[in-house]
Structure formats: C-alpha cells, structure tokens
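Here is the structure we will look at, set down as structure tokens.
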Amino acid sequence: MDKINIFCFGFGQVAESFINKLIHENKKFNLNITTRKESHQIEIDKLKINSYMFDNDKYDVSLKSKLAEANYILISVPPINGVDIVVKNFDTDLKNLKKCKWITYLSATSVYGDHKGEWVTERSITKPTSSTGTDRLNAENLWKKLSVNNNLPLQIFRLAGIYSNESNVLKRLKLGSIQVVEKENHFFSRIHVEDIANILFESLDNFKNNETYNICDDKPAPQTDVVAYGAKLLKLDKPNPIKLEEVESEMLKNFYKDSKKVDNKKMKTFFNYKLKFPTYVEGLMSIFNNTF
C-alpha cells in the first residue's frame with residue numbers, strides 16, 4: 001500500500017491525537033507539520049516528522065514543496081487578529097494543489113453565538129457574540145469561497161469545547177483554578193479529543209465536499225453539572241459559585257455569553273460513528289481512571 005502524504009498547519013492536541021490514531025491503526029503515511037519554532041525534525045513513535053517554522057507572516061519556504069505533495073491537509077491554526085494566516089500566506093499554493101483529496105478546517109461552535117439554551121444544527125443561524133466566533137465564521141466563509149472557486153475538497157468541523165487527559169476539569173479542580181458561575185439555563189457542549197481524532201480518521205475514506213459538521217458529544221450540560229461530577233470523582237468539595245458580574249476574565253465572560261445545545265446527528269449519521277465518550281461522565285471517568 002502506498003503511503004499517503006499528510007500536511008498539518010499547526011500541531012496542537014487535535015492534530016497530535018489524529019496522528020496517534022493513524023499510528024495505532026497502522027496507516028502508512030508521511031507527515032509534515034508547521035509550528036512556530038525554527039524548522040527541525042521530531043519523532044513520534046519512531047515516525048520522523050519534518051516541522052517547518054510558520055509564525056504569522058514568517059515561514060520556511062521549504063514547506064511549499066511538501067504542501068504541493070499533500071493528499072490530506074488539516075488546518076488547526078486559528079485566525080490571528082481576525083485574519084486566516086494560512087489563506088493569507090498560501091493562497092496561490094492552495095489554488096494550485098493537484099494531489100489533494102481532503103482539506104479539513106477546524107472551526108468552533110462559537111460561530112453559532114447565543115441561542116438561549118436551544119438546540120442548534122449545522123443549518124442554524126450563525127450569530128457569533130465574541131470576536132473569536134466572528135473570526136472563525138469569517139475564516140469558514142473564506143475557505144468555502146476558496147474551495148468553490150478552485151474545486152478544492154473541503155470539509156469544516158465545528159468543534160465544541162475540547163477536553164483531554166492533559167486539559168480537563170479534574171486537573172483544574174485539583175489546582176484550585178476553576179471558577180463556577182451562577183447562570184440559569186447555561187448549556188455548553190463538549191468533545192473528547194480522542195473522538196475528534198477518530199472522526200478525522202473515519203473521514204479519510206468517507207468524505208463529501210463542502211460539508212460542515214458539528215463535532216460534539218451527546219450531552220450538552222451546564223458547567224456546574226460537570227464541575228460537580230468532577231468534584232465527586234476526586235472527593236473534593238464543589239467550588240463556591242460566583243456571580244457573572246464578578247468574573248474578571250474576558251474569555252470566561254465570553255464563555256457565559258452563549259447558551260446552546262449543539263446537535264451532532266449529522267456527524268454520527270454521515271460517518272456512521274459511535275462516540276467513545278458519549279458524555280462528560282464517560283470522558284471524565286476515563287481520565288480519572290487513567291491519570292489520577
């Protein structure tokens with residue numbers, strides 16, 4: 001079997017989890033990635049990876065030849081100051097792709113904005129309340145335009161709040177660094193990073209051009225419920241809630257601006273996917289059993 005060529009713009013927890021999934025499934029592939037560090041070679045499970053420097057407007061020009069060879073391109077670099085830096089710097093290279101079968105842009109459910117605790121699907125109105133949500137929506141539209149005008153194979157994954165073994169409410173509870181805010185009817189959706197990786201893997205052979213999918217679990221829930229369950233697992237007292245007007249962090253304020261339940265039926269149906277962690281209960285229990 002021939003090796004496939006994968007190119008990752010950005011190499012955070014989602015991209016790394018995806019690559020670990022490919023390794024676990026014995027998929028044969030070549031991998032090139034970008035990071036903000038000077039170009040170098042790294043190794044994951046005996047796999048040698050070329051890491052090219054890409055930082056806003058500066059990049060190692062050597063990456064262009066690797067991008068041209070790519071069959072699968074994953075974009076997890078967020079907009080910077082409202083600008084999608086991948087399109088800004090590599091617009092011409094992307095238009096001239098000849099071997100690409102799949103481009104996945106990782107967006108976020110923040111594009112929906114506030115829906116007063118109601119359900120949202122991929123067809124729901126997008127009315128972001130935060131600058132990050134607005135930037136994500138603008139980037140989505142930019143990629144869609146690029147795809148349609150140049151016949152590029154694009155899918156958009158709108159990711160809910162990501163948690164993992166490294167980043168989760170249990171760690172923040174142990175560190176005492178979590179704030180719980182009193183707000184009625186505040187619903188938020190989540191997704192375990194392993195489920196994102198699994199769905200990316202499924203999409204390698206099950207792809208439909210110009211589709212958007214909500215990537216989230218089955219149980220949108222108030223943050224208070226998740227924190228209460230985490231505290232129960234750790235046998236800790238629940239943190240005392242504070243009022244929204246007491247919050248100082250702009251990021252946390254933005255988090256509590258929006259209330260919505262994100263529907264994942266399209267994702268599960270199209271990819272014929274059964275979630276490994278269908279709710280935060282299974283996800284946090286697995287993290288607790290494996291890392292605490």
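The values are calculated or read from the model by the stated rules, or taken from the named source; none is laboratory data. Keep in mind that this is a model prediction, so the values were computed, not measured. For neighbour counting, all protein chains shown are included, and Cβ atoms are generated from backbone atoms with ideal geometry for every residue, glycine included. These accessible areas exclude ligands, DNA and RNA; they are computed on the full protein's heavy atoms, side chains included. Shrake-Rupley method; radii C 1.70, N 1.55, O 1.52, S 1.80 Å.
Restricting region 250-287 to residues that are assigned to a loop (DSSP other than H, G, I, E, B) and either of a type in the set (D, E, K, R) or free of Cβ contacts under 8 Å to residues at least 40 places away in the same chain (or both), the residue that is farthest from D225 (Cα to Cα) is K274. The criterion of at least 3 residues that are among the β-branched types (V, I, T) is met by the following strands (runs of 3 or more DSSP E) wholly inside region 3-105: 29-35. Tell me, yes or no, whether region 251-273 has at least one residue that is farther than 22 Å from I196 by Cβ and open to solvent by 50 Å² or more (accessible area, probe 1.4 Å). Yes, the conditions are met somewhere in region 251-273. For region 184-205, the set of residues classified as farther than 22 Å from E118 by Cβ, open to solvent by 50 Å² or more (accessible area, probe 1.4 Å) and in contact (Cβ under 8 Å) with a residue 12 or more places away in the chain consists of E194, E202, listed by residue number.
Please indicate, with yes or no, whether at least one residue in region 113-129 is within 20 Å of the chain's Cα centre (by Cα), modelled with pLDDT of 95 or more and either assigned to a helix (DSSP H, G or I) or within 18 Å of G10 (Cα to Cα) (or both). No: region 113-129 contains no residue that is within 20 Å of the chain's Cα centre (by Cα), modelled with pLDDT of 95 or more and either assigned to a helix (DSSP H, G or I) or within 18 Å of G10 (Cα to Cα) (or both). Do we have any residue at all in region 229-237 that's without any contact (Cβ under 8 Å) to a residue 60 or more places away in the chain and open to solvent by less than 30 Å² (accessible area, probe 1.4 Å)? Yes, region 229-237 contains at least one residue that is without any contact (Cβ under 8 Å) to a residue 60 or more places away in the chain and open to solvent by less than 30 Å² (accessible area, probe 1.4 Å). Candidates V181, V226: the one that is crowded, with 19+ Cβ neighbours inside 10 Å, among the aliphatic types (A, V, I, L, M), closer than 30 Å to C8 by Cβ and touching a residue at least 12 places away in the same chain (Cβ under 8 Å) is V226. Counting only residues that are within 23 Å of G133 (Cα to Cα) and surrounded by 13 or more Cβ atoms within 10 Å (Cβ to Cβ), region 148-166 holds 11 of them. On the basis of being on the phi < 0 side of the Ramachandran plot, touching a residue at least 40 places away in the same chain (Cβ under 8 Å) and loosely packed, with under 15 Cβ neighbours inside 10 Å, does E43 make the cut? No. Screening the candidates N50, N56, N26 for the property of being out of contact with any Gly (no Cβ under 8 Å at 6 or more places or on another chain) and surrounded by 15 or more Cβ atoms within 10 Å (Cβ to Cβ) yields one hit, N50.
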